[in-house]
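The values are calculated or read from the model by the stated rules, or taken from the named source; none is laboratory data. All values derive from a computational prediction rather than experimental measurement. Cβ coordinates were reconstructed from backbone atoms using ideal geometry, including for glycine residues, and neighbour counts include every protein chain displayed. Each accessible area value is taken on the protein alone, full model and side chains, heavy atoms only, with ligands, DNA and RNA left out. Shrake-Rupley method; radii C 1.70, N 1.55, O 1.52, S 1.80 Å.
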Amino acid sequence: MKTPFHLLKGFAVIGLLSLTAPNAFAQAFDAVRLTGGAAEKDRGSVGLAVIAGMAYQGADERRTLVLPGIDYQWRNGWFAGTRNGIGYNFGQTRELQYGLRVTADFGRDESRSDALRGMGDIDPKPELGAFLNYSLSKEITLTSSLRYGSGNDRTGMVIDLGAGYSTKLSPLWRLGFGASMTLANEDYMQSYFGVTAAQSASSGYAAYRPEFGLRDIRANAALSYQITPSVAILTTLSVSSLQGDAKDSPLTRQATSVTGVAAVSYEF
């Protein structure tokens, strides 16, 4: 049996019509997006994306990245790449996908923004998780994902829930809409939105301890054009709004943000 191994680097942006397209710097790996259930054959894609988002979640400064992407899906159930992480899909139908995977929490550098000065870096860390997707129809899909291992103490956990709708406008054009939300435990919230006593002394922010709860809600629209049977371009626009303790964090300068993605992908 072949098993995949790829370095996890970059973000989930090159898949055609990722209906719950991630905010470029906070929702990487928010859902698993595979081609059907058990693939009829091994398949993959490579691409390049331009992402215009925020410096960090809650920032009022913008940041633009150009990132490559690569993903591969084996017919035996394994998958790997920058869109989904490394994992295994036990589902054997197009309607139901479920499995286990390893992803990455990319952390946050203090140097990313003046607003983070004195907060210290959050180092990248591997995450262990599980996923479950269910298609109500060819157009509507429900997604869910759990990931554990992020944050300063490697005990952060996030739960992503989403729904997406996609339809063909013509043989070459496809339009999609999505909505999603993320719940986070106290350890994750403390790492990304909290301020410890030591951080308060070095940054000037008041100490702040957020609790488990809803981190943010998101909505997006995506439009793709099939240039050739193998090459397509994709544009997405995503709006994210912090909620609860994340919104009230002293690090949050702007609760609502807009992220745009333009990508080209080649399937093989």
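For the chain, the longest piece that avoids every one of the trypsin sites (Lys or Arg not before Pro) found in DSSP loops with at most 15 other C-beta atoms within 10 Å covers 155-252.
With a Förster radius of 41 Å, plug the Cβ-Cβ distance of Tyr165 and Lys125 into 1/(1 + (r/R0)^6) and report the FRET value to the nearest 0.05. Given R0 = 41 Å and the Cβ-Cβ separation, E is 0.75. Pairs of lysines in the chain whose Cα atoms sit within less than 27 Å of one another amount to 8, provided the residues are eight or more positions apart or on different chains. Its Cα gyration tensor gives the chain an equivalent ellipsoid; the semi-axes, largest first and in whole Å, are 32, 19, 17. Helical runs assigned H by DSSP (4 residues or longer) give the chain a calculated mean residue ellipticity at 222 nm of -1500 deg cm²/dmol, each run adding -39500 (n - 2.57) before division by the residue total.
Please compute the contact order of the chain in relative form: average sequence separation of alpha-carbon pairs under 8 Å and at least six residues apart, divided by the residue count, as a percent. Taking the mean separation of contacting Cα pairs over the length of the chain, I get 20 percent.
Within the chain, what whole-number % of the accessible surface is contributed by carbon and sulfur, with the 1.4 Å probe and all protein chains included in the calculation? The computed percentage sits at 60. Applying both filters, DSSP loop and at most 14 other Cβ atoms within 10 Å, to the chymotrypsin sites (Phe, Trp or Tyr not before Pro) of region 78-125 gives Phe90. A Förster distance of 45 Å, applied to the separation of the beta-carbon atoms of Tyr225 and Thr155, puts the FRET efficiency at 0.55.
Note that the chain presents 46 Å² accessible area per residue, ligands and nucleic acids not counted, probe 1.4 Å.
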